[in-house]
Structures are given as C-alpha cells and as structure tokens.
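Nothing in this text is a laboratory measurement; each read-out follows from the coordinates by a stated rule. A quick note: this is a predicted structure, and the numbers were derived from the prediction, not measured. When we count neighbours, we look across all protein chains shown, and the Cβ atoms used for this are built from the backbone with ideal geometry, even at glycine.
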Amino acid sequence: MLDFTLWDILSNLLLAARWTVLLSLIAFVSGGIAGLLLLVARVSPVPPLRVAARLFIEVFQGTPLLMQLFIVFFALPLIGIETSAWTSAAVGLTLFTAAYLAEIWRGCVEAVPKGQWEASASLAMTFPEQMRHVILPQALRIAVPPTVGFSVQVVKGTAVTSIIGFVEVTKAGTMITNATFQPFLVYGLVGLIYFALCYPLSLSAKALERKLNVAR
Amino acid sequence: MSPVNTSAAGRIATGRPLVKLSGIRKSFGPVEVLKGVDMAVEEGQVVAMIGRSGSGKSTLLRSINGLERIDGGVIEVDGECVDPGQIDLRALRQKVGMVFQQFNLFPHLSAGENVMLALKVVKKQDKAATRAAAEAALAKVGLGHKFDAYPSQLSGGQQQRVAIARSLAMAPKVLLCDEITSALDPELVAEVLGVVRRLAEEGMTLILVTHEMRFAREVCDRLVFMHGGRIAEQGPPAELFDRPATPELAQFIGMVEAR
C-alpha cells in the first residue's frame, strides 16, 4: 500500500483550492454584475420588471443551492444545452449570488432617504440618472460591509458544487480520503483551508463596517 | 397694523397665468386631501400657502411638480400640461424648481457638484458652462466661496441656500418652497428668507408653503389659506390678516399670533 505524507495530502488539497478560489471569484463577480441588473429591475418604476426580479429572487432564496445546481446540471442537458461540471457550477453559483446580492443591495438602496429621490426627481432627472448619480453612490457606502460579508457565503457555497462532480477542495478531499483512509486528517485540512479563505473576508467586513460607521 | 408689502408693490406681475391648477384632486387611501382645488399664479407673483397641518397645502405644492401624483384635474405650467395619466414629467420638472424642508442636498457631492449635477445630466451642458452657471448660482445665494464644501461642512442655513442655488441653476419658471425654514435653527432662518426675499424682488415666481407669517405678510402678493383640502380664502396678505372672512382663518391667525 502506498504511503501518503502530510505534504502529499496538503499539496493536493491546495492545488484543488485554486479551483475553489477561482469559482468563488467567478461567481462573485458575475453574480455581482447580474445582481446589479436585478437590483435595478427590483427597484425600477416599471411594475413588470419589479415583479420579474422579485420572482427570481424569491425562487433562488426559497430553494436550496443544491437543488439549483442539480437543475442547472441535470435539467439543462434535457432541453439540449450540454453543460460541464465547470459551467454548471459557475452558472448555478452566479444565479444564487445574484439573487442574494440583489436583495442585500435593495436594503441599502432603501436606506437612502426618500428626500434624495424627491430632490433628484425635482431636478428633472430620470430613474436611471437618479440611480447612477444620486442613489447608488450613497447606497454603495452602506453596501460594502454586507457585500464582503456575503462573499464568505459564496466561498462556502462552492463546497456544494462537489456534488455535481466539480473538483474543488471538498471534492478533492473526498477523493484523497478514498485513497488514504484518513478522513479526519483530510477533512480537517479542508476545513482549515476554508477557514483561511473565509476568516480574512469576515475580518475585513467587520473592519469596513467600523470604518464606515465612524465616517458617518 | 402690518408694514405695507413694499417689495410686492414694487414688482410687476405680467398678468399672464404661469401656473394654472384646475380641479386638483388627491386621496391618500380613503382620505381625500385635495378636494378639487383651482388656483392660478401669474408670472412674477409671490404666493404663500398657509393653513393647519393636514389642510393639504404641502400636498398641493408637491403636486405642482408631480411629486404627488394627482387623481384628478389638470396642472399647467408655462404651457406644459400634466393630468393624472401623465408618466413623463421631465418637461414639467424643468420648468418647476423645488426646495425642501430637509434641504435634501446630495451628501456625497460638494456644494458646487450639487448644483452642477442636473445641469450636466439633464440639460447636457458642457463642463465650462456648467461650472460657470453653478458658480453664478452659488454667488447669488452668497456662497460663492463654498463651491468645494460638502453639505456636512455647511450650516443648515448654508445647506438650504445651496439647495436654492441648485434649483435656480436649472432656470425654472417657478420655484416651489416647502416649509424651507422649518428645519432651521432660529438664528439661521433670516439668511434663507433673505435669499427668498431677493428672488421675489428680482421677479421670480414663487409659491411657498410657510409658517413664517411675518415674512408672508411682507413679501407675498397673495396669501392662500387652505382648510380641509380646499382653498378657504385668498387675497392680499394685509386684507386676509386684518379682515379674515372665515372663522377658520380667524382662528388660524389667532393661533399663530399667540405663539
């Protein structure tokens, strides 16, 4: 039987962790862009847009991420769209992230006083102009801490993609456990890697919150 | 006796109705706050709306630039008609400026940027013209030196003057003032009223909702007393104050003067 050193295990996990980080980044960036569009639709003065955005958000907040990944991975091929584990994971997490960020940001937009809407409307600005120049710049300040905080959820969410065969750090952990029969050690290391990724994010979210509170 | 409203007498009203409200109705849920209000304001006129809270004066003022969507009637400002079905209020709002009780300056922009924003975004003026217009508007309210100050660095009175400059820079036909001194400390009220008084003297058409009765008396051409969602009485300030025709107005004057 082969012997695995601790470094063998750790190095393989760290290699797989690259994909966790990359998937998190993709989900966060594309989810952020989609979330911004969703947010604008959600607070727009056009009722059908508002309803559609709200429906999307409710569906993705009201179902488990695991289900969403299953649907993207297994259901899309049924209607003729071939997907790899990679694209399924990226698409699934992006939609999930978009829904949550849109809802977080909606709270921030609503925290901007009504007078700001009224003053900008009185200056004959249209909804997109109000959003772009008056509302979003102010909402952004409030939005930074909870957004960074939510990025922790995205990183942890990538673990679920192991179930559709995407090899990130959790999946790698399972594979290595199957070879080494040392689940406690391997998953312990996996846990530490997640912690090392997430804890700095949590810390910076807290620091930003303090900083922005003082600035106000 | 009141001082004669000299500034009003010195101004020339052209006799052309600039703002015309006909049959304005508005309900909030089951409560009808405006019950068919008719009102006309001529170019160069200064009109103060007074009345108890809940009488509909603020709602009426806010309906003139479409901040409150009316349920019935027609608003006409300088030939621009708006009825309840109207969605696009951009044309109307370019003719109507508004100043609020809470100033509502954009806190992330400096005083100058506050004034320039709509010139740039709405009027699409180029950088130099925008800058010049903003400097002129701020100078007009006595704050030319505060171009780069942020709202949080200004006193309430200064913030409100920036808000006035921001509206004026858009060159509106009429300026609406919604209790613009009510949020100010007493010692800051005068500087804001001074600016409004100067605008009135220069012939700006003004519609004010105010609790400053002395100011209304001195500066306004006409007083509109609202009660229960209707205009109960209107006329020259001296006349209304000295010979109120309705018991409601008599009571209202008694209340404010007792303060």
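Details
- Taking amide H atoms as placed 1.01 Å from N in the peptide plane, the amide H of B:M49 lies under 5 Å from those of B:L208, B:V209, B:T210, B:V224, each 5 or more residues away in sequence or on another chain.
- The slack between A:R210 and A:F4, meaning 0.36 nm per residue of separation minus the straight C-alpha distance, is 69.6 nm.
- Relative to the longest principal axis of the Cα atoms of chain B, the long axis of helix B:186-201 makes an angle of roughly 90 degrees.
- Under the convention that each Lys and Arg Cβ holds +1 and each Asp and Glu Cβ holds -1, the size of the dipole of the protein assembly as shown around its Cα centre is about 340 debye.
- Here segment A:18-126 has an Rg and Dmax of 16.7, 52 Å, counting Cα atoms alone.
- Chain B - percent relative contact order, Cα under 8 Å, separation 6 or more: 27
- The alpha carbons of chain B stretch over 54, 44, 36 Å along the principal axes, in descending order.
- Value of relative contact order over chain A, rounded to a whole percent, pairs C-alpha under 8 Å and six or more apart: 28
- Taking every residue in B:116-122 and counting other chain Cβ atoms within 10 Å of its Cβ, the average works out to 5.
- For the protein assembly as shown, the alpha-carbon radius of gyration amounts to 1.32 times the rule-of-thumb value 2.2 N^0.38 Å expected for a compact globular protein.
- Peptide B:98-108 is shielded by partner chain Cβ atoms: per residue, an average of 5 of them sit within 10 Å of its Cβ.
- Computed FRET value (nearest 0.05) for A:L140 with B:D83, which takes r as the C-beta separation and R₀ as 51 Å: 0.85
- Test item: B:158-170 mean partner chain Cβ contacts at 10 Å: 1
- Alpha-carbon Rg with Dmax, taken over segment B:1-152, Å: 18.2, 52
- Given R0 = 30 Å, the distance between the Cβ atoms of A:T126 and A:I71 translates into a calculated FRET efficiency of 0.20.
- The slack between A:F195 and A:L36, meaning 0.36 nm per residue of separation minus the straight C-alpha distance, is 54.4 nm.
- Segment B:Q153..B:D185, full-extension length gain: 9.9 nm, with 0.36 nm per residue of separation and the alpha-carbon distance subtracted.
- Modelled FRET efficiency - R0 35 Å, B:V31 with B:R90, Cβ distances, 0.05 increments: 0.75
- Between B:A245 and A:Y187, the modelled labels are 8.7 nm apart [label points 7 Å from Cα along Cα→Cβ].
- The protein assembly as shown: antiparallel DSSP beta bridges as a percent of all, rounded to 5: 55
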